[in-house]
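Peer 1: For reference, the structure I am asking about is given below.
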Amino acid sequence: MERLREIQARHRGDADVRALLAEIKRLHQKLVSIEDLRETIDKSWKMDVGGQLAALHILKREMLNEPAVMVFREQRPEPDEYSGPAF
C-alpha cells in the first residue's frame, strides 16, 4: 500500500490515477475479505465434516501469494483473539 501512496502523492491532480488507486484499494479489501471467509469456511468444514475441502485448499494456495492477503495474515490478531470477518 505504501507504493500506492507514493503514486498518489506524485499524481495528486490526476482524476484517472485517483480512480485507478481507488479501484485497487477496493480490490485489495475484497481479497482480504475473501481470505477471511475462506478461513472461516475451512475451520467449519474441518469441525463438521473433517479433512479438507479440495476447492478451499486450491483457493488457499492461490490466495497465499496475494500481497493483500500476505499483509492481512501478518497484521491480524492471533487465532484465539480472532472472531471472524469485521463488517
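Peer 1: Do you know which residues across the range 2-17 are loosely packed, with under 13 Cβ neighbours inside 10 Å and part of a helix (DSSP H, G or I)?
Peer 2: Scanning the range 2-17 gives Glu2, Arg3, Arg5, Glu6, Ala9, Arg10, Ala15, Asp16.
Peer 1: Hey, does the range 50-67 have a residue that's under 20 Å from Glu2 (Cβ atoms), loosely packed, with under 14 Cβ neighbours inside 10 Å and not aromatic (Phe, Trp, Tyr)?
Peer 2: Within the range 50-67 (the criterion being under 20 Å from Glu2 (Cβ atoms), loosely packed, with under 14 Cβ neighbours inside 10 Å and not aromatic (Phe, Trp, Tyr)), the answer is yes, since at least one residue qualifies.
Peer 1: Still on this structure: Can you pull out every residue in the range 39-66 that is outside any helix (DSSP H, G or I) and either of a type in the set (Gly, Ala, Ser) or in contact with a strand residue (DSSP E or B) (Cβ under 8 Å, 6 or more places away or on another chain) (or both)?
Peer 2: Within the range 39-66, Gly50, Gly51 meet the criteria.
Peer 1: Can you pull out the residues in the range 35-87 that are modelled with pLDDT under 80 and of a type in the set (Phe, Trp, Tyr)?
Peer 2: Correct list: Phe72, Tyr82, Phe87.
Peer 1: Taking the condition touching a residue at least 24 places away in the same chain (Cβ under 8 Å) and either closer than 13 Å to Met63 by Cβ or not in a helix (DSSP H, G or I) (or both), does Asp36 pass?
Peer 2: So Asp36 passes the test.
The values are calculated or read from the model by the stated rules, or taken from the named source; none is laboratory data. Since the structure is predicted, the reported quantities are computational estimates derived from the model, not experimental observations. As a convention, Cβ positions derive from the backbone with ideal geometry for all residues, glycine included, and neighbour counts pool all protein chains shown.
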